[in-house]
1. Quickly run through the stretch 273-331 and pick out the residues that are touching a Leu at 6+ places or on another chain (Cβ under 8 Å), of a type in the set (Phe, Trp, Tyr) and not in a loop (DSSP other than H, G, I, E, B).
2. Within the stretch 66-117, can you find the residues that are closer than 19 Å to Val133 by Cβ, under 21 Å from the mean Cα position of the chain (by Cα) and assigned to a loop (DSSP other than H, G, I, E, B)?
3. State which residue pairs qualify: first residue of a type outside the set (Lys, Arg) and modelled with pLDDT under 95 and inside the stretch 261-272, second residue surrounded by fewer than 23 Cβ atoms within 10 Å (Cβ to Cβ) and not in a helix (DSSP H, G or I) in any location, beta carbons under 9 Å apart, and separation of 6 or more residues or different chains.
4. So, in the stretch 46-63, how many residues would count as being at pLDDT 95 or above and either in contact with a helix residue (DSSP H, G or I) (Cβ under 6 Å, 6 or more places away or on another chain) or within 14 Å of Ala98 (Cβ to Cβ) (or both)?
5. Which condition number in (1) in contact with a Lys or Arg (Cβ under 7 Å, 6 or more places away or on another chain); (2) among the polar types (S, T, N, Q); (3) in contact (Cβ under 8 Å) with a residue 40 or more places away in the chain is the one that Ser66 fails?
6. Please find, within the stretch 342-360, the residue that is farthest from Ile252 (Cα to Cα) out of those that are under 23 Å from the mean Cα position of the chain (by Cα) and not in a loop (DSSP other than H, G, I, E, B).
7. Out of all the residues in the stretch 86-117, which are in contact with a Pro (Cβ under 9 Å, 6 or more places away or on another chain) and without any contact (Cβ under 8 Å) to a residue 60 or more places away in the chain?
8. Check Ile252, Ile182 and return the single one that is crowded, with 22+ Cβ neighbours inside 10 Å, more than 30 Å from Lys366 (Cβ to Cβ) and aliphatic (A, V, I, L, M).
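The values are calculated or read from the model by the stated rules, or taken from the named source; none is laboratory data. All values reported here derive from a predicted model rather than from experimental measurement. FYI the Cβ positions are ideal-geometry reconstructions off the backbone, even for glycines, and counts take in every protein chain you see.
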Amino acid sequence: MADAMAGLAYLSKTNGTGGEIAGAPEDFVVEEITREGKALSIDKTIKTVGAPGEYSVFALQKRGWSTQDAIKAMADRLGVLPGRFSAAGNKDRNAVTAQLISCWRIEPEQILEIEISGLKILGCWKSSKPMEVGDLLGNRFRIRITGVKDSRAAGRVIKETGGLFPNYFGPQRFGMRGNNHIVGKHIVRGDFQAAVEEFVENGEEESSDSRKARQAAKEDGMNEKTLELFPRKLNHERTVIRHLVRRPGDYIGAIGELPRNLQMILVQSYQSYLFNLMLSERIQSKTLDPERGVTGCGLNEYGFIDPETGGNEYALGRMIGYDTPLTETEEDVLWNEGIESANFRIRHLPALSMRGSARPLLSNMKDFRASARENRSVMLEFELPKGSYATVAVREISGRDKD
(Lines give C-alpha, C1' and ligand atoms only; values in the text may rest on other atoms or scores of the structure.)
Protein backbone atom coordinates (compact mmCIF):
# COMPACT_ATOMS: atom_id res chain seq x y z
CA MET A 1 0.00 0.00 0.00
CA ALA A 2 1.26 3.46 -0.87
CA ASP A 3 2.25 5.53 2.16
CA ALA A 4 1.11 9.09 1.52
CA MET A 5 2.64 10.22 4.84
CA ALA A 6 6.12 8.79 4.39
CA GLY A 7 8.86 11.28 5.20
CA LEU A 8 6.67 14.01 6.69
CA ALA A 9 8.42 16.06 9.36
CA TYR A 10 7.71 15.80 13.07
CA LEU A 11 7.14 18.82 15.28
CA SER A 12 8.92 17.20 18.23
CA LYS A 13 12.65 16.51 18.34
CA THR A 14 12.19 14.14 21.27
CA ASN A 15 12.42 10.41 20.62
CA GLY A 16 8.94 8.93 20.84
CA THR A 17 7.55 5.87 22.54
CA GLY A 18 7.90 3.63 19.51
CA GLY A 19 5.19 1.08 18.78
CA GLU A 20 1.98 1.22 16.79
CA ILE A 21 -1.77 1.30 17.34
CA ALA A 22 -3.06 -2.09 18.50
CA GLY A 23 -5.38 -3.93 16.16
CA ALA A 24 -8.59 -4.67 18.08
CA PRO A 25 -11.60 -2.31 17.88
CA GLU A 26 -11.47 -1.89 21.68
CA ASP A 27 -7.96 -0.44 21.30
CA PHE A 28 -9.33 2.57 19.40
CA VAL A 29 -12.26 4.21 21.17
CA VAL A 30 -13.83 7.42 19.81
CA GLU A 31 -16.49 9.45 21.63
CA GLU A 32 -17.96 12.45 19.86
CA ILE A 33 -17.94 15.84 21.59
CA THR A 34 -21.17 17.61 20.68
CA ARG A 35 -21.38 21.25 19.64
CA GLU A 36 -22.59 21.95 23.20
CA GLY A 37 -19.27 20.62 24.54
CA LYS A 38 -20.61 17.36 25.99
CA ALA A 39 -18.81 14.12 25.16
CA LEU A 40 -20.79 10.96 24.49
CA SER A 41 -19.70 7.92 26.48
CA ILE A 42 -19.46 4.29 25.46
CA ASP A 43 -22.23 2.17 27.02
CA LYS A 44 -23.79 5.20 28.74
CA THR A 45 -27.49 5.74 28.06
CA ILE A 46 -28.56 9.28 27.17
CA LYS A 47 -31.87 10.70 28.33
CA THR A 48 -32.62 14.00 26.61
CA VAL A 49 -35.75 16.06 26.17
CA GLY A 50 -35.96 16.86 22.47
CA ALA A 51 -37.90 19.47 20.52
CA PRO A 52 -40.87 18.92 18.20
CA GLY A 53 -39.82 18.31 14.64
CA GLU A 54 -39.53 15.94 11.71
CA TYR A 55 -36.19 14.47 12.76
CA SER A 56 -35.07 11.89 15.28
CA VAL A 57 -31.57 12.33 16.64
CA PHE A 58 -29.92 9.32 18.23
CA ALA A 59 -26.61 8.40 19.83
CA LEU A 60 -25.18 5.41 18.00
CA GLN A 61 -22.51 3.18 19.48
CA LYS A 62 -20.84 0.89 16.97
CA ARG A 63 -18.09 -1.71 16.85
CA GLY A 64 -16.54 -2.92 13.59
CA TRP A 65 -18.81 -0.77 11.41
CA SER A 66 -18.06 2.32 9.35
CA THR A 67 -20.58 5.11 9.86
CA GLN A 68 -21.94 4.80 6.33
CA ASP A 69 -22.28 1.01 6.48
CA ALA A 70 -24.07 1.30 9.82
CA ILE A 71 -26.48 3.85 8.35
CA LYS A 72 -27.18 1.60 5.37
CA ALA A 73 -27.87 -1.39 7.64
CA MET A 74 -30.26 0.65 9.78
CA ALA A 75 -32.00 2.07 6.72
CA ASP A 76 -32.48 -1.45 5.34
CA ARG A 77 -33.93 -2.58 8.64
CA LEU A 78 -36.38 0.34 8.66
CA GLY A 79 -37.21 -0.02 4.97
CA VAL A 80 -36.12 3.52 4.06
CA LEU A 81 -33.35 5.07 1.95
CA PRO A 82 -29.98 5.86 3.60
CA GLY A 83 -30.38 9.44 2.36
CA ARG A 84 -32.78 10.07 5.25
CA PHE A 85 -29.84 9.79 7.65
CA SER A 86 -27.10 12.32 8.31
CA ALA A 87 -24.15 12.57 10.69
CA ALA A 88 -21.71 15.23 11.84
CA GLY A 89 -18.79 13.10 10.66
CA ASN A 90 -17.62 9.60 9.83
CA LYS A 91 -16.04 7.40 12.47
CA ASP A 92 -13.52 4.61 11.90
CA ARG A 93 -14.60 1.04 11.16
CA ASN A 94 -11.98 -0.78 13.22
CA ALA A 95 -12.94 0.98 16.43
CA VAL A 96 -15.57 1.34 19.13
CA THR A 97 -17.27 4.68 18.61
CA ALA A 98 -20.19 6.81 19.81
CA GLN A 99 -21.70 9.58 17.69
CA LEU A 100 -24.90 11.47 16.96
CA ILE A 101 -26.94 10.69 13.84
CA SER A 102 -30.29 12.04 12.66
CA CYS A 103 -33.05 10.47 10.60
CA TRP A 104 -35.93 12.20 8.83
CA ARG A 105 -39.53 11.16 9.54
CA ILE A 106 -38.72 8.10 11.63
CA GLU A 107 -40.05 7.99 15.18
CA PRO A 108 -37.66 7.49 18.13
CA GLU A 109 -39.50 4.32 19.09
CA GLN A 110 -38.62 2.79 15.71
CA ILE A 111 -34.94 3.67 16.12
CA LEU A 112 -34.81 2.27 19.65
CA GLU A 113 -36.23 -1.05 18.48
CA ILE A 114 -33.40 -1.71 16.02
CA GLU A 115 -31.19 -4.64 16.96
CA ILE A 116 -28.13 -5.23 14.77
CA SER A 117 -24.96 -6.97 15.92
CA GLY A 118 -22.23 -4.41 16.60
CA LEU A 119 -24.69 -1.49 16.83
CA LYS A 120 -26.29 -0.06 19.96
CA ILE A 121 -28.66 2.88 20.40
CA LEU A 122 -27.74 4.85 23.53
CA GLY A 123 -30.68 7.23 23.27
CA CYS A 124 -33.05 8.88 20.79
CA TRP A 125 -35.13 12.08 20.79
CA LYS A 126 -37.05 14.39 18.45
CA SER A 127 -35.49 17.44 16.82
CA SER A 128 -36.47 20.20 14.44
CA LYS A 129 -33.07 20.05 12.73
CA PRO A 130 -30.95 17.28 11.20
CA MET A 131 -27.31 16.62 12.02
CA GLU A 132 -25.04 18.25 9.47
CA VAL A 133 -21.41 17.67 8.54
CA GLY A 134 -19.24 19.50 11.06
CA ASP A 135 -21.98 19.61 13.72
CA LEU A 136 -19.55 18.74 16.51
CA LEU A 137 -16.69 20.30 18.45
CA GLY A 138 -14.35 17.35 18.32
CA ASN A 139 -13.75 13.84 19.58
CA ARG A 140 -12.42 12.15 22.70
CA PHE A 141 -10.02 9.25 22.12
CA ARG A 142 -8.72 6.29 24.06
CA ILE A 143 -6.04 4.49 22.05
CA ARG A 144 -3.66 1.68 22.98
CA ILE A 145 -0.29 1.41 21.29
CA THR A 146 1.78 -1.77 21.47
CA GLY A 147 5.45 -2.61 20.94
CA VAL A 148 6.40 0.42 23.03
CA LYS A 149 10.10 0.99 23.72
CA ASP A 150 9.81 3.89 26.19
CA SER A 151 6.42 4.53 27.79
CA ARG A 152 7.61 7.72 29.51
CA ALA A 153 8.50 9.31 26.19
CA ALA A 154 4.83 10.24 25.63
CA GLY A 155 4.97 12.75 28.45
CA ARG A 156 8.27 14.18 27.21
CA VAL A 157 6.89 14.74 23.71
CA ILE A 158 3.81 16.51 25.08
CA LYS A 159 5.97 18.66 27.37
CA GLU A 160 8.16 19.70 24.42
CA THR A 161 5.29 20.58 22.07
CA GLY A 162 2.79 21.85 24.64
CA GLY A 163 0.24 19.37 23.28
CA LEU A 164 0.58 20.71 19.73
CA PHE A 165 1.17 18.49 16.70
CA PRO A 166 1.20 18.92 12.90
CA ASN A 167 -2.34 19.09 11.57
CA TYR A 168 -1.59 16.62 8.79
CA PHE A 169 -4.35 14.70 7.10
CA GLY A 170 -4.09 11.12 8.32
CA PRO A 171 -3.78 7.93 6.27
CA GLN A 172 -7.57 7.43 6.31
CA ARG A 173 -7.82 10.46 4.01
CA PHE A 174 -6.00 8.59 1.26
CA GLY A 175 -8.20 5.50 1.15
CA MET A 176 -7.80 1.86 2.10
CA ARG A 177 -5.30 1.37 -0.76
CA GLY A 178 -3.50 4.61 0.08
CA ASN A 179 -3.73 5.90 -3.49
CA ASN A 180 -6.74 8.24 -3.58
CA HIS A 181 -4.41 11.23 -3.89
CA ILE A 182 -2.66 9.67 -6.89
CA VAL A 183 -5.99 9.23 -8.67
CA GLY A 184 -6.88 12.79 -7.69
CA LYS A 185 -3.62 14.16 -9.06
CA HIS A 186 -4.30 12.60 -12.46
CA ILE A 187 -7.80 14.14 -12.46
CA VAL A 188 -6.40 17.57 -11.59
CA ARG A 189 -3.82 17.26 -14.38
CA GLY A 190 -6.53 16.23 -16.82
CA ASP A 191 -5.05 12.77 -17.44
CA PHE A 192 -8.25 10.79 -17.00
CA GLN A 193 -6.86 7.60 -18.54
CA ALA A 194 -4.11 7.52 -15.91
CA ALA A 195 -6.74 8.26 -13.22
CA VAL A 196 -8.86 5.30 -14.33
CA GLU A 197 -5.86 2.97 -14.54
CA GLU A 198 -4.69 3.92 -11.05
CA PHE A 199 -8.20 3.55 -9.65
CA VAL A 200 -8.85 0.13 -11.20
CA GLU A 201 -5.48 -1.58 -11.50
CA ASN A 202 -3.48 -0.83 -8.35
CA GLY A 203 -3.97 -2.53 -5.00
CA GLU A 204 -1.59 -4.64 -2.92
CA GLU A 205 -2.96 -5.49 0.53
CA GLU A 206 -6.25 -6.94 -0.69
CA SER A 207 -7.85 -10.35 -1.03
CA SER A 208 -6.47 -12.69 -3.68
CA ASP A 209 -9.54 -12.35 -5.94
CA SER A 210 -9.23 -8.55 -5.90
CA ARG A 211 -5.51 -8.66 -6.69
CA LYS A 212 -6.12 -11.16 -9.50
CA ALA A 213 -8.81 -8.95 -11.04
CA ARG A 214 -6.66 -5.83 -10.88
CA GLN A 215 -3.72 -7.65 -12.44
CA ALA A 216 -5.95 -8.88 -15.27
CA ALA A 217 -7.12 -5.32 -15.93
CA LYS A 218 -3.51 -4.15 -16.05
CA GLU A 219 -2.37 -6.91 -18.40
CA ASP A 220 -5.44 -7.50 -20.59
CA GLY A 221 -7.26 -4.16 -20.47
CA MET A 222 -10.71 -3.26 -19.23
CA ASN A 223 -13.14 -5.43 -21.14
CA GLU A 224 -16.10 -7.76 -20.55
CA LYS A 225 -13.84 -10.67 -19.59
CA THR A 226 -11.99 -8.53 -17.06
CA LEU A 227 -15.27 -7.21 -15.67
CA GLU A 228 -16.37 -10.75 -14.84
CA LEU A 229 -13.26 -11.21 -12.68
CA PHE A 230 -13.97 -8.20 -10.46
CA PRO A 231 -15.81 -9.25 -7.28
CA ARG A 232 -19.05 -7.49 -6.38
CA LYS A 233 -17.39 -5.76 -3.42
CA LEU A 234 -15.36 -3.71 -5.93
CA ASN A 235 -18.56 -2.15 -7.22
CA HIS A 236 -16.98 1.23 -8.06
CA GLU A 237 -14.30 -0.41 -10.17
CA ARG A 238 -16.98 -2.48 -11.90
CA THR A 239 -18.90 0.72 -12.67
CA VAL A 240 -15.84 2.23 -14.34
CA ILE A 241 -15.06 -0.89 -16.40
CA ARG A 242 -18.70 -1.33 -17.42
CA HIS A 243 -18.72 2.24 -18.79
CA LEU A 244 -15.55 1.60 -20.79
CA VAL A 245 -17.03 -1.60 -22.22
CA ARG A 246 -19.98 0.46 -23.47
CA ARG A 247 -17.88 3.45 -24.52
CA PRO A 248 -14.24 2.44 -25.14
CA GLY A 249 -11.78 5.24 -24.51
CA ASP A 250 -14.23 7.51 -22.66
CA TYR A 251 -12.13 7.87 -19.52
CA ILE A 252 -13.70 11.19 -18.55
CA GLY A 253 -17.14 9.60 -18.64
CA ALA A 254 -15.85 6.62 -16.66
CA ILE A 255 -14.73 8.86 -13.79
CA GLY A 256 -18.00 10.77 -14.13
CA GLU A 257 -19.93 7.51 -13.52
CA LEU A 258 -18.56 7.29 -9.98
CA PRO A 259 -20.71 8.69 -7.15
CA ARG A 260 -20.20 12.44 -6.91
CA ASN A 261 -19.01 12.28 -3.31
CA LEU A 262 -16.31 9.75 -4.30
CA GLN A 263 -15.17 11.97 -7.17
CA MET A 264 -14.86 14.85 -4.70
CA ILE A 265 -12.96 12.68 -2.22
CA LEU A 266 -10.37 11.80 -4.86
CA VAL A 267 -9.62 15.44 -5.72
CA GLN A 268 -9.74 16.52 -2.06
CA SER A 269 -7.29 13.73 -1.22
CA TYR A 270 -4.78 15.33 -3.56
CA GLN A 271 -5.41 18.72 -1.97
CA SER A 272 -4.74 17.06 1.39
CA TYR A 273 -1.54 15.48 0.13
CA LEU A 274 -0.28 18.88 -1.03
CA PHE A 275 -1.22 20.44 2.31
CA ASN A 276 0.81 17.76 4.11
CA LEU A 277 3.84 18.40 1.90
CA MET A 278 3.65 22.16 2.45
CA LEU A 279 3.22 21.79 6.21
CA SER A 280 6.20 19.44 6.37
CA GLU A 281 8.30 22.02 4.52
CA ARG A 282 7.26 24.75 6.94
CA ILE A 283 8.11 22.60 9.95
CA GLN A 284 11.55 21.91 8.54
CA SER A 285 12.14 25.57 7.71
CA LYS A 286 10.71 26.66 11.10
CA THR A 287 8.15 29.02 9.51
CA LEU A 288 5.03 28.07 11.46
CA ASP A 289 4.09 31.58 12.55
CA PRO A 290 1.23 33.35 10.72
CA GLU A 291 2.49 34.89 7.47
CA ARG A 292 2.20 38.58 6.72
CA GLY A 293 -1.13 39.29 5.09
CA VAL A 294 -2.53 35.85 5.91
CA THR A 295 -5.22 35.63 8.58
CA GLY A 296 -4.48 33.40 11.55
CA CYS A 297 -6.84 31.93 14.15
CA GLY A 298 -7.22 31.36 17.87
CA LEU A 299 -8.73 29.02 20.45
CA ASN A 300 -12.49 28.54 20.72
CA GLU A 301 -14.35 28.53 24.03
CA TYR A 302 -13.71 24.81 24.46
CA GLY A 303 -9.95 25.33 24.09
CA PHE A 304 -9.45 23.87 20.61
CA ILE A 305 -7.54 25.58 17.79
CA ASP A 306 -10.37 26.70 15.55
CA PRO A 307 -10.08 28.28 12.06
CA GLU A 308 -13.43 30.03 12.67
CA THR A 309 -12.18 31.73 15.84
CA GLY A 310 -10.48 35.05 15.27
CA GLY A 311 -6.93 35.70 16.36
CA ASN A 312 -3.37 35.49 15.17
CA GLU A 313 -1.96 33.00 17.65
CA TYR A 314 -1.97 30.05 15.24
CA ALA A 315 -1.15 30.05 11.54
CA LEU A 316 -3.54 28.94 8.84
CA GLY A 317 -2.29 27.00 5.84
CA ARG A 318 -4.01 26.59 2.51
CA MET A 319 -5.86 23.81 0.81
CA ILE A 320 -4.74 24.75 -2.70
CA GLY A 321 -7.41 25.62 -5.24
CA TYR A 322 -7.66 27.60 -8.45
CA ASP A 323 -8.23 30.85 -6.51
CA THR A 324 -5.38 30.42 -4.00
CA PRO A 325 -2.69 33.12 -3.82
CA LEU A 326 0.53 31.13 -3.45
CA THR A 327 3.47 31.59 -1.12
CA GLU A 328 6.99 30.73 -2.24
CA THR A 329 6.82 27.39 -0.40
CA GLU A 330 3.53 26.52 -2.07
CA GLU A 331 4.87 27.47 -5.50
CA ASP A 332 7.89 25.20 -4.95
CA VAL A 333 5.72 22.24 -3.92
CA LEU A 334 3.42 22.67 -6.91
CA TRP A 335 6.40 23.00 -9.26
CA ASN A 336 7.84 19.74 -7.91
CA GLU A 337 4.45 18.10 -8.48
CA GLY A 338 4.27 19.42 -12.04
CA ILE A 339 0.98 21.27 -11.59
CA GLU A 340 -0.37 24.81 -11.23
CA SER A 341 -3.12 26.12 -8.97
CA ALA A 342 -5.17 26.80 -12.11
CA ASN A 343 -5.33 23.03 -12.70
CA PHE A 344 -7.86 22.81 -9.87
CA ARG A 345 -10.38 24.38 -12.22
CA ILE A 346 -11.30 21.06 -13.80
CA ARG A 347 -12.72 21.86 -17.21
CA HIS A 348 -14.04 18.42 -18.15
CA LEU A 349 -15.73 17.83 -14.77
CA PRO A 350 -16.52 21.36 -13.52
CA ALA A 351 -18.31 20.18 -10.37
CA LEU A 352 -14.94 18.88 -9.09
CA SER A 353 -13.23 22.28 -9.37
CA MET A 354 -11.75 23.43 -6.06
CA ARG A 355 -11.49 27.10 -5.19
CA GLY A 356 -9.33 26.55 -2.10
CA SER A 357 -9.77 26.91 1.66
CA ALA A 358 -7.86 27.33 4.91
CA ARG A 359 -6.76 24.82 7.55
CA PRO A 360 -4.74 25.35 10.75
CA LEU A 361 -1.14 24.20 10.45
CA LEU A 362 -1.17 22.88 13.99
CA SER A 363 -3.73 21.10 16.12
CA ASN A 364 -3.85 20.62 19.87
CA MET A 365 -4.54 17.76 22.23
CA LYS A 366 -6.60 18.50 25.32
CA ASP A 367 -6.65 16.56 28.59
CA PHE A 368 -3.79 14.32 27.54
CA ARG A 369 -3.00 11.29 29.68
CA ALA A 370 -0.67 8.34 29.09
CA SER A 371 -0.52 5.23 31.24
CA ALA A 372 1.79 2.24 30.87
CA ARG A 373 0.03 -1.12 30.49
CA GLU A 374 1.18 -4.72 30.41
CA ASN A 375 2.99 -6.30 27.46
CA ARG A 376 4.88 -3.13 26.47
CA SER A 377 1.78 -1.11 25.70
CA VAL A 378 0.60 2.41 26.56
CA MET A 379 -2.94 3.76 26.76
CA LEU A 380 -3.27 7.28 25.38
CA GLU A 381 -6.28 9.47 26.21
CA PHE A 382 -6.88 12.89 24.71
CA GLU A 383 -9.39 15.16 22.96
CA LEU A 384 -9.00 16.65 19.49
CA PRO A 385 -10.87 19.33 17.52
CA LYS A 386 -13.00 18.24 14.58
CA GLY A 387 -11.04 17.68 11.40
CA SER A 388 -7.89 16.54 13.20
CA TYR A 389 -6.66 12.96 13.03
CA ALA A 390 -5.91 10.85 16.09
CA THR A 391 -3.61 8.69 13.96
CA VAL A 392 -1.48 11.78 13.32
CA ALA A 393 -1.40 12.69 17.02
CA VAL A 394 -0.30 9.12 17.83
CA ARG A 395 2.35 9.32 15.10
CA GLU A 396 3.82 12.40 16.78
CA ILE A 397 3.92 10.64 20.15
CA SER A 398 5.29 7.31 18.94
CA GLY A 399 7.75 8.74 16.43
CA ARG A 400 7.87 5.26 14.97
CA ASP A 401 9.34 6.25 11.60
CA LYS A 402 11.71 8.97 12.77
CA ASP A 403 15.23 8.68 11.39
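1. Tyr314
2. If the condition is that a residue be closer than 19 Å to Val133 by Cβ, under 21 Å from the mean Cα position of the chain (by Cα) and assigned to a loop (DSSP other than H, G, I, E, B), then Ser66, Ala88, Gly89, Asn90, Lys91, Asp92, Arg93 are the ones that fit.
3. none
4. Final tally of qualifying residues: 8.
5. (3)
6. That would be Pro360.
7. Ser86, Arg93, Ser102, Cys103, Trp104
8. Ile182
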